[in-house]
Amino acid sequence: MQLQPSVGADRQAKSSSSAPTGAPSPKTVGGRASTPGEATTGVACERVMGRVRGQEAGPSLVVVAGIHGNEPAGVEAARRVLLRLAQGDIALRGELVILGGNVAALRTGARYLQRDLNRGWTDDDALRLQTATPGSLQAEDREQAELLAAIEVVRSTARGAVHLADLHTSSAPGVPFVIFGDTLVQRRFVRVFPIPVIIGLVEHVDGVLSEFWSRRGLVTFSVEGGQHEDPRSRDGLEAILWLALSQAGMIATSTPPEVAAATRLLDQRRGDLPRVLDVVSRHSITAADAFVMEPGFRNVHRIPKGCLLAHDRRGEIRASSAGVVVLPLYQKLGSDGFFWALEVSDGQLRISELLRRLPVDALVTLLPGVKRDAAQPRRLEVSTTTGRAKILSLLRLLGYRREKTTGTTSTVERA
Ligand SMILES: [Zn+2]
């Protein structure tokens, strides 16, 4: 389906100055009334909330704010950045484009209308949406088709590398953190953020926006900014955007004080949590497990060995070593009880990056029981029972993190 860019996008594409278009008037910033809990009162925004095209060529940054309609903090954070840029003393090179995520759901404050808009980002779905009869799409299908078209416009008119930031908040309280597909270029990009960056979490979920665009060559990351209604979430997401603009090399003038302030703010929020975490396992559950998480854990929570984490029908679930619990389940629905992560030292990161720059990837099929998928070279099949855990952990080090096991065969895939 051919989608026309919105009026805003069309108007902005013709702008050659670096003054932002679509910037809000001051009275709209932070003007959203709020109610406690999961439901929010809703926020109005356009698909293209703002577009700043610098006179100088350079990288692009696409920001998707509020892909979940009950998460307006990202919309507010992005508006603040646009408002600051509208003052005119910070020139950008390249292009900044702010997109409203689930525009219809944001208006009502619901997470989504018919389905989660941060799922279904697969090649098949993209083809279906792009070839659908104009006007036939409803709710999230329509939102996704419009987002696809808008991001494609940025990609096709880019004058440098294209980055994509996907902004979220959560129902549980916690420190902001970043998740990203484990490629070396994305690892390097997210290290600028002084909050926990979590390797290996995105690979546990299929069909998310960031991974879809990462496979198409964009440098992507997602941020969980904190609890929906906490004003610090909006501040943290704004800080993320300043650091992303700086890290992408898009600030053409001298670095504005917002960048150093952003580092200070996020550094403070991280507290004693590690900078880099590696998800080593997922505690998957079914309804029959009667899984109940112990109360009081935050989204990213350091745990001593032996700590009581949860109960299920078999009894207590305790930490077998020291580590970090990520995204403990406090909602009724879900198949992820929690994720278990370990701190990664700078030394370990350097070793894994060095290994991945060496041509060892070509040698992995020499490992016992490891075969490369002929149709999909990023995918390996591991069909050995002897030493399988060790082989899988070695392959994880090389970036093969998306793992599915059926019986005695595992398939692993890298980003
Ligand atoms: Zn979200």
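None of the figures in this text is laboratory data; all of them are computed from the coordinates on show. Just so it is clear, the model here is predicted, and its values are computed rather than measured. Virtual Cβ from ideal backbone geometry, glycine too; neighbours counted across all protein chains shown.
Where Lys and Arg each count +1 and Asp and Glu each count -1, what net charge lies around residue 132 among other residues with Cβ under 14 Å from its Cβ? Show your work: numbers first, answer last.
Working: positive: 128, 142; negative: 124, 125, 140, 141, 143, 146.
Within the 14 Å Cβ shell, the charges total -4.
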Take residue 375, project a point 7 Å from its Cα along the Cβ direction, then tell me which residues of segment 203-236 have their backbone nitrogen under 14 Å from it. none
Angle between the chain longest axis and helix 231-247 axis [Cα atoms, degrees, rounded to 10]: 90 degrees
Working from Cα positions, state the angle (0 to 90°, nearest 10) between the long axis of helix 73-85 and the longest principal axis of the chain. 50 degrees
Have a look at 315, 174, 100 and tell me which one the Gaussian network model of the chain (Cα, springs below 10 Å) gives the largest fluctuation. 315
Which of 85, 96, 308 moves the most in a Gaussian network model of the chain with Cα springs under 10 Å? 308
Between beta-carbons, use under 9 Å as the cut-off and find the net charge around residue 411, counting Lys and Arg +1, Asp and Glu -1. -1
Helix-only mean residue ellipticity at 222 nm, the chain, DSSP H runs n ≥ 4 weighted -39,500 (n - 2.57), per residue, nearest 500. What is it? -8500 deg cm²/dmol
Here the net charge surrounding residue 194, from other residues whose Cβ is less than 10 Å away from its Cβ (Lys, Arg +1; Asp, Glu -1), is +4
Using a Gaussian network for the chain with springs between C-alpha atoms less than 10 Å apart, which of these wobbles most: 82, 366, 209? 366
Where the centre of each part is set by its Cα atoms, how far does segment 144-219 sit from segment 265-285, in angstrom? 17 Å
Principal-axis tilt of helix 257-270 within the chain, Cα atoms, nearest 10 degrees: 30 degrees
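Test of understanding: what is the full-extension gain from residue 188 to residue 348, defined as 0.36 nm times their sequence separation minus their Cα-Cα distance? All intermediate terms of the calculation are to be shown ahead of the outcome.
Details: separation 160, 0.36 × 160 = 57.60 nm, distance 1.44 nm.
Stretched out fully, the residue 188 to residue 348 stretch lengthens by 56.2 nm.
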